[in-house]
Amino acid sequence: MGKKEKHETENKKIEKTTTAVSIGEYNSQETEEIQEEPSGIKTNNTLASLDAILREVQSSQRNWPQQALSAILSRWKQMPRGGWPKVTRYYCDKFQTEISETLFKKTAKEILRNQAGNPTEVRNFNLKDGRKRLKVLDDTFKTCSLKDIAFKGRVKDNFTNVWKELATKKIEDVHPTRKISSLKTDLKLINTLN
């Protein structure tokens with residue numbers, strides 16, 4: 001395979017990746033192939049997807065960094081490797097301004113605030129309050145279920161009786177306990193005690 005054929009093959013791969021990303025297709029079996037952009041910067045499928053996401057963000061110059069970061073976090077839950085310089089360059093090219101990467105990051109991360117206005121972390125940004133509350137309610141329903149109320153009553157009575165017996169015995173009178181295998185334990189009883 002000559003240099004010319006190799007160059008043509010690479011260009012076809014770049015076109016295919018760009019087209020698939022702009023359409024919204026994603027092939028999980030496709031490896032992250034590194035290509036060379038005309039500006040000399042290496043890119044992969046993630047950065048090509050990032051470029052497509054940035055093209056879709058429509059907002060004013062003032063709100064664009066927050067909207068872009070929100071779109072990126074909804075897609076990946078974090079900024080991809082090499083993403084901050086690319087997003088900053090895209091912002092500078094789009095709005096014909098010069099801004100440092102640190103100032104751009106600071107402006108973009110203003111969206112990372114909770115309902116009270118306090119700063120929050122990236123991993124907590126996309127966490128839905130409803131999902132968290134449902135989990136707590138499910139746990140509450142499991143522990144407060146009426147299904148095993150008779151069993152829980154028997155366990156409570158048995159536990160109080162054993163506790164009273166142990167309180168009356170002296171420490172010298174008690175034999176050492178043997179090890180109990182996990183196959184012989186009653187997990188339902190142990191979970192009820194917890």
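The values are calculated or read from the model by the stated rules, or taken from the named source; none is laboratory data. Quick caveat: nothing in here was measured; it's all calculated off a predicted structure. Here the Cβ is made from the backbone with ideal geometry for all residues, glycine too, and neighbour counts use every protein chain on show.
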Quiz item: Does the range 71-80 hold any residues that are buried (at least 17 other Cβ atoms within 10 Å of the Cβ) and either more than 14 Å from A52 (Cβ to Cβ) or outside the structural domain of Y90 (by TED's automatic domain parsing) (or both), and which are they?
Solution: L73, M79
Exercise. Report the residue count in the range 38-70 for those that are over 15 Å from E110 (Cβ atoms), in contact with an Asp or Glu (Cβ under 8 Å, 6 or more places away or on another chain) and not β-branched (V, I, T).
Key: 3
Quiz prompt | Residue that is surrounded by the most Cβ atoms within 10 Å (Cβ to Cβ) [pool: residues in the range 41-59 that are modelled with pLDDT of 90 or more and outside any helix (DSSP H, G or I)] | solution = V57
